[in-house]
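Worksheet: the structure to be examined is printed underneath.
The values are calculated or read from the model by the stated rules, or taken from the named source; none is laboratory data. Remember, predicted model here, so these are calculated numbers, not experimental data. Please note: Cβ atoms are built from the backbone with ideal geometry, for glycine as well, and neighbour counts cover all protein chains shown.
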């Protein structure tokens, strides 16, 4: 098999000239960069199967999803590297329905734009009806703003080194943020945000700093940090009515300027960078699951699992030192391992109703399953509080016929996680609590309030229809 594979690769090299002897029109810089890119591809593929890098068990589905995961990283990195330029910034999708990673929130649209910490930038945008931002109540039925929007200046994106050590030195940090609760919007729904190294004198509008003296909680070292990215998270709860923002970003001293044409040196640098970082991203997130989160086993042999099996951690801020995981978000998570006749019932009580709450599943590559065609996640709007004041999430392979089903999409094992955002940080006694219990599907009703609504097959089909429509609108490609 390996021999025939090598023959096929040699044939492709012969047809396309990949890595072959130079010709009269060859460019050594580009050839060198291309070779590094191909080497990175091979290293990334090896990371999908080599036990040294903690890949999931090589089942048919895990491997198939792994190869898709690799291609998604390639797609994301090519688009970001080829389009990113802090002099000519634009918003790019760091995640979408293909490019899933970092256990992304299925309720969220993730956008990033490159920035230079020495320059000044302006974001202009328009938001639909944002009244729910002021009260946190739900009920507006027309087109309206996403449930939550956060703009943040960040120093880096985790994972590029391939080593968990980058977290200990705070390689990725949030310098500043403005969100739905603090963003000033004009009466017509328009807004502007100025971004720069320091707030201009007498400027009173929305502002994000791009250069800041920061301390690292783990090392206690203090240093001047510079933002490389503007990160935007638009979080949707009412998928039927909430619509994305219209936005643009400009560097103020580059408006009307011309971006330089592509050069061999530019392309070589990009090819080398993608080839280097591609396997590192795969290895970093697998190591995070294996070592830090202990998704597969008690890695440090202390008798506990960071992610309890068929359990859930108490809600808390992200464990990383970076803060990139979400300004002022709380998280709770665990591992699910289910037989076809079982369900994991997660019961969540919040003394203070969160402005946003969401529950999701992830596969063993840290990707959310298809949220467009399956109820593999539930927002606070999609799952209201039950009569006893709790939310009940029912993780199962089969539809239990009641409200709260979270579809595993056939995954026998994976992770589940929750995100909470409050208008004000809750006091210790007002923190949400979460419990999880493994039950047989035939006994499920014994663990739910008697008045939990029944959901018919027709209603379930309608739920999926709303999801499909929203995802197409959120990730519109035209």
Can you pull out every residue in the range 373-390 that is assigned to a strand (DSSP E or B) and surrounded by fewer than 22 Cβ atoms within 10 Å (Cβ to Cβ)? 390
Of the conditions (1) touching a helix residue (DSSP H, G or I) at 6+ places or on another chain (Cβ under 7 Å); (2) within 30 Å of residue 352 (Cα to Cα), residue 78 fails just one. Which one is it? (2)
Of all residues in the range 319-341 being modelled with pLDDT under 75 and in contact with a helix residue (DSSP H, G or I) (Cβ under 9 Å, 6 or more places away or on another chain), the one that is nearest to residue 308 (Cα to Cα): 319
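Tell me the residue from 400, 369 that is part of a loop (DSSP other than H, G, I, E, B), more than 15 Å from the chain's Cα centre (by Cα) and at pLDDT 95 or above, please. Spell out how you get there, then give the answer.
Numbers: 369 fails: more than 15 Å from the chain's Cα centre (by Cα).
Residue meeting the stated conditions: 400.
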Being farther than 18 Å from residue 474 by Cβ and assigned to a helix (DSSP H, G or I) is the filter here; which residues of the range 117-147 pass it? 131, 133, 134, 135
Looking at the range 423-462, which of its residues are buried (at least 16 other Cβ atoms within 10 Å of the Cβ) and at pLDDT 95 or above? 431, 432, 434, 436, 438, 439, 441, 444, 448, 452, 455
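Every residue, every condition in (1) over 30 Å from residue 68 (Cβ atoms); (2) touching a helix residue (DSSP H, G or I) at 6+ places or on another chain (Cβ under 8 Å), yes or no:
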position	(1), (2)
346	no, no
354	yes, no
363	no, yes
376	no, no
381	no, no
393	no, no
416	no, no
431	yes, no
443	yes, no
If residue 339 meets every condition in (1) assigned by TED's automatic domain parsing to the domain that holds residue 414; (2) in a loop (DSSP other than H, G, I, E, B); (3) closer than 27 Å to residue 471 by Cβ apart from one, which number is that one? (3)
Quick one: which residue in 108, 102, 150, 174 is modelled with pLDDT under 95, more than 22 Å from residue 276 (Cα to Cα) and surrounded by 19 or more Cβ atoms within 10 Å (Cβ to Cβ)? 174
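Within the group 108, 118, which residue is in contact with a strand residue (DSSP E or B) (Cβ under 6 Å, 6 or more places away or on another chain), outside the structural domain of residue 384 (by TED's automatic domain parsing) and at negative phi?
None of the others qualify; the one that does is 108.
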For the range 248-298, what are the residues that are touching a strand residue (DSSP E or B) at 6+ places or on another chain (Cβ under 9 Å), over 30 Å from residue 191 (Cβ atoms) and not in a helix (DSSP H, G or I)? 293, 294, 295, 296
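Would you confirm, using the coordinates I've provided, whether residue 41 is within 21 Å of the chain's Cα centre (by Cα), surrounded by 14 or more Cβ atoms within 10 Å (Cβ to Cβ) and in a helix (DSSP H, G or I)?
no
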Note: among 231, 237, just one is assigned to a strand (DSSP E or B), in contact with a strand residue (DSSP E or B) (Cβ under 7 Å, 6 or more places away or on another chain) and modelled with pLDDT of 95 or more, namely 231
Evaluate the range 45-63: report whether one residue or more is touching a strand residue (DSSP E or B) at 6+ places or on another chain (Cβ under 8 Å), part of a loop (DSSP other than H, G, I, E, B) and in contact (Cβ under 8 Å) with a residue 40 or more places away in the chain. no
